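Below: one structure, written as structure tokens.
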Amino acid sequence: MPGPSALRPLIPIAATTAAGAETDGRLTTAALSSYLVTHRLRLGALVATAAALITLPAAPAEAATLQWSDEPPVAASAATGRDCGDLLFVGVRGSAEPEPYGDTIAALRDSLAEQTADLPGAVDLRVREVYLDYPAVSPETLGSVGIDGLLFSTEMPPTEFYDSVTAGRVSMVQVLQDSATRCPDEHWVLGGFSQGAQVVAEALATEELADAADERLLGAVVLGNPANAPTMPGVTSVGDAENDAVGLTPSLYYLRQRIAEARQPDDELGVSGALRSVVELSDGSLDRELTSEVMTDNGMQPPSALFDRITQVCNTGDLICDAGPGLGRMVFSASPLQTEVDNAEPIHLGYASLMDQATAPTIQRITDWAPTVQHPAPAPAAESDRFLLGVAVGVAGSAVLVGLATALTRIGRRRRLDRADGQDRLDPERADRPRSAQDRP
């Protein structure tokens with residue numbers, strides 16, 4: 001709103017009139033027109049100034065954008081207490097990848113940012129970005145336990161790899177619980193690659209997040225997921241892996257379960273169960289009920305209410321998310337482990353070409369959600385602001401009236417002087433007589 005200094009131009013403008021435009025008090029249209037033409041610029045400036053004071057500018061229309069920051073994401077260990085956003089993106093890198101996101105999740109994040117730059121709605125939406133600073137150790141550490149320990153031990157032995165997954169899950173749950181507690185309107189998009197995908201799956205499977213995730217989760221994209229399994233109808237699948245593809249982790253637990261069931265006095269190790277399970281995993285004939293049990297008992301099965309918000313990305317030949325065929329080749333065709341790993345690596349690292357497909361369902365949900373977001377309206381003007389506005393309008397209106405009144409008065413006086421001068425020219429003796437006060441300029 002214009003301040004008091006904006007009123008200063010009114011004073012000289014309002015006080016300035018045209019000398020030499022007075023009459024004997026009678027105002028003619030011609031005289032007024034002459035004055036207005038001569039001083040139209042000054043009167044125009046006066047009116048414009050008054051209009052500026054009494055007209056409040058309309059608020060410009062806001063463009064709806066999802067504002068992804070150019071700043072690096074915040075580590076999960078430092079995310080508690082940070083400013084809330086409209087959208088929280090949590091990215092989880094894969095095994096042995098560098099912080100913050102690794103290549104695959106960075107590509108996922110960029111795809112989301114590029115395709116959500118313009119959204120329907122009336123307000124700009126802020127994205128808060130967090131990455132998990134968890135160990136993300138290589139799955140090769142499983143080899144230190146040995147095949148006997150992984151498959152045939154009564155209890156699953158501790159491993160660096162699964163300890164790393166647990167650390168990631170705990171970290172993600174803390175981030176999301178903090179969001180649910182402090183940020184009542186913040187919604188979530190999650191992304192995980194490889195080991196990070198299993199972290200996302202396990203976090204969504206926790207009871208602590210069940211209600212909050214149902215209310216807030218817009219999408220979770222998991223790529224090359226070791227916890228992949230055909231036990232979640234409604235999940236969006238991207239990639240050319242078969243619908244019955246099973247990831248490395250549920251395959252391991254499925255093997256252990258079949259081995260435990262097959263133990264007999266004449267088969268103490270349950271080798272027959274191991275062979276049976278490898279066949280089932282490799283040809284897709286696995287027991288679906290047992291697979292669901294394995295997923296649920298080991299904390300990898302998110303609630304069914306979230307299935308339609310999860311996108312699984314997996315290609316055939318990726319040993320991490322499609323382990324069965326590779327296991328079959330190694331057991332029955334004597335394919336060396338290193339050969340299988342070498343063949344799988346470029347497939348596992350090649351999901352960038354599928355990123356637009358992978359993000360499409362989540363982007364659609366973001367697009368549907370964006371128009372529903374409402375930010376608090378600006379506070380109404382303070383009483384002091386209303387008072388100053390009233391003063392400004394009053395002064396501006398008074399200035400216009402004073403200016404016009406002064407102009408009209410001087411027009412009348414000038415007309416009287418002109419008439420007196422005309423009489424002097426007709427009567428020279430009258431010109432020598434002193435004029436009355438009302439005849440003086």
Checklist outcome for this item: Among residues of the range 246-263 being modelled with pLDDT of 95 or more and assigned to a loop (DSSP other than H, G, I, E, B), the residue surrounded by the most Cβ atoms within 10 Å (Cβ to Cβ) is V246
Checklist entry - Say we look at the range 127-149 and pick out the residues that are modelled with pLDDT of 90 or more and farther than 17 Å from G91 by Cβ; which of these is surrounded by the most Cβ atoms within 10 Å (Cβ to Cβ)? => result V137
Checklist entry - Considering the range 264-273 alone, what residues qualify as being in a helix (DSSP H, G or I) and buried (at least 20 other Cβ atoms within 10 Å of the Cβ)? => result G273
Item to check | Among (1) modelled with pLDDT under 95; (2) not in a loop (DSSP other than H, G, I, E, B), the one test that S285 misses | outcome: (2)
Checklist entry - In the range 110-156, what count of residues is obtained for those that are part of a helix (DSSP H, G or I), touching a residue at least 40 places away in the same chain (Cβ under 8 Å) and among the aliphatic types (A, V, I, L, M)? => result 4
Checklist entry - Out of (1) without any contact (Cβ under 8 Å) to a residue 60 or more places away in the chain; (2) in a helix (DSSP H, G or I); (3) out of contact with any Phe, Trp or Tyr (no Cβ under 9 Å at 6 or more places or on another chain), the odd one out for S292 is which? => result (1)
Checklist entry - Has the range 307-327 got at least one residue that is of a type in the set (A, V, I, L, M), over 17 Å from T104 (Cβ atoms), touching a helix residue (DSSP H, G or I) at 6+ places or on another chain (Cβ under 9 Å) and without any contact (Cβ under 8 Å) to a residue 12 or more places away in the chain? => result no
Checklist outcome for this item: The condition of being modelled with pLDDT of 85 or more and in contact with a Leu (Cβ under 7 Å, 6 or more places away or on another chain) holds, among L87, L27, L112, only for L87
Checklist outcome for this item: Note: among T104, T65, just one is of a type outside the set (A, V, I, L, M, F, W, C), over 17 Å from D178 (Cα atoms) and not assigned by TED's automatic domain parsing to the domain that holds M172, namely T65
Next on the checklist: Residues to consider are L204, L176; find the one that is farther than 24 Å from Q67 by Cβ, surrounded by 24 or more Cβ atoms within 10 Å (Cβ to Cβ) and either assigned by TED's automatic domain parsing to the domain that holds Q312 or basic (K, R) (or both).
Outcome noted: L204
Item to check | Top-ranked residue of the range 295-328 - restricted to ones that are crowded, with 18+ Cβ neighbours inside 10 Å and assigned to a helix (DSSP H, G or I), ranked as nearest to the chain's Cα centre (by Cα) | outcome: R309
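The values are calculated or read from the model by the stated rules, or taken from the named source; none is laboratory data. Predicted model, so just to flag it, every value in this text is computed and none were measured. As a convention, Cβ positions derive from the backbone with ideal geometry for all residues, glycine included, and neighbour counts pool all protein chains shown.
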